[in-house]
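S.K.: One structure, as structure tokens, below. Some questions next.
The values are calculated or read from the model by the stated rules, or taken from the named source; none is laboratory data. In this text the structure is predicted, and so the values were computed from the model without any measurement. All Cβ positions, glycine included, derive from the backbone under ideal geometry; neighbour counts span all protein chains shown.
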């Protein structure tokens, strides 16, 4: 008898967006985290934005949706599904 078990846990923001930007308290660190699924689609642009931030401390790309201190509002449907 074969048993397949999947014990992976995915921690996501309520809005299901990844996180990125300067690491608070460590101004020389740019971080990107919690990319899952759609993160693969946006990774080239996010990589460019991270490079901009690391080299010039600014980017012209719209990355405010990644900010760790953003207001996160989950839809009722997503909150009920727990994912």
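S.K.: May I ask you to list pairs of residues, at least six apart or on different chains, whose Cβ atoms are under 9 Å apart, with the first in the range 15-29 being farther than 17 Å from residue 70 by Cα and the second being surrounded by fewer than 16 Cβ atoms within 10 Å (Cβ to Cβ) and modelled with pLDDT of 85 or more?
M.R.: As it stands, the answer is 27/57; 28/54; 29/54, since those pairs meet every condition given.
S.K.: Going through the range 33-51 one residue at a time, which ones are in contact with a strand residue (DSSP E or B) (Cβ under 9 Å, 6 or more places away or on another chain) and either modelled with pLDDT of 85 or more or in a helix (DSSP H, G or I) (or both)?
M.R.: 39, 43, 46, 47, 49, 50, 51
S.K.: Those residues that are modelled with pLDDT of 85 or more and exposed (fewer than 11 other Cβ atoms within 10 Å of the Cβ), I need them from the range 18-32; list them, please.
M.R.: Residues satisfying the conditions are 25, 26, 28.
S.K.: Is there a residue being touching a helix residue (DSSP H, G or I) at 6+ places or on another chain (Cβ under 8 Å), surrounded by 14 or more Cβ atoms within 10 Å (Cβ to Cβ) and assigned to a helix (DSSP H, G or I) anywhere in the range 57-64?
M.R.: No, every residue in the range 57-64 fails to be touching a helix residue (DSSP H, G or I) at 6+ places or on another chain (Cβ under 8 Å), surrounded by 14 or more Cβ atoms within 10 Å (Cβ to Cβ) and assigned to a helix (DSSP H, G or I).
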